[in-house]
1. In square nanometres and to one decimal, what's the mean projected area of the convex hull around the Cα atoms of the chain?
2. Considering Cα pairs under 8 angstrom that are at least six residues apart, work out the relative contact order of the chain and quote it in whole percent.
3. How would you rank 97-110, 59-72, highest first, on the average number of other Cβ atoms within 10 Å across their residues?
4. Which FRET efficiency value, to the nearest 0.05, do you get for residue 114 and residue 37 by plugging their Cβ-Cβ distance into 1/(1 + (r/R0)^6) with R0 = 35 Å?
5. Tell me, in nm to one decimal, what length is gained between residue 74 and residue 121 on full extension, where the rule is 0.36 nm per residue of separation less the Cα-Cα distance?
6. When the chain is fully extended, how far beyond the present Cα-Cα distance does residue 51 get from residue 65, taking 0.36 nm per residue of separation?
7. Quick check: the angle from helix 70-123's long axis to the longest principal axis of the chain, C-alpha only, nearest 10 degrees?
8. How would you classify the stretch 54-124 from its alpha-carbon gyration tensor, with a ≥ b ≥ c the square roots of the eigenvalues: rounded for a/c under 1.5, else prolate if a/b is greater than b/c, otherwise oblate?
């Protein structure tokens with residue numbers, strides 16, 4: 001069975017599209033999990049910094065520490081933590097949208113080139 005150049009091109013693009021779909025689907029799942037629970041996926045120094053006031057004020061000098069009460073430091077820490085979580089959610093949301101766009105592009109690319117290959121095969 002001899003294949004035309006256009007049919008081969010279409011099938012190669014289908015293989016590339018399948019790779020795009022598979023890689024972006026896995027990325028989509030990971031990004032969704034991160035977006036759903038930012039606190040669990042956002043660790044390290046930034047998370048530990050917000051566990052208590054001592055960690056939060058670790059690099060403050062004595063003069064700055066005297067300006068704030070414990071309640072005010074707690075309020076600042078919680079406020080900064082909420083802002084950090086919201087910022088991370090926005091980043092994950094952006095990545096999620098990009099993954100969806102790439103996934104849909106891969107699906108469209110696959111379907112269109114599969115139809116091209118099928119039509120070319122029907123001509124014979």
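Quick note: the coordinates plus some simple rules give every number you see, no bench work behind them. Bear in mind that the values here come from a model prediction, so they are computed numbers and not experimental data. Cβ coordinates were reconstructed from backbone atoms using ideal geometry, including for glycine residues, and neighbour counts include every protein chain displayed.
1. 10.3
2. 57
3. Averaged packing, sorted descending, gives the order 97-110, 59-72.
4. 0.40
5. 10.0 nm
6. 3.3 nm
7. In the chain, helix 70-123 runs at an angle near 0 degrees to the longest axis.
8. Prolate, because a/c is 1.5 or more and a/b exceeds b/c.
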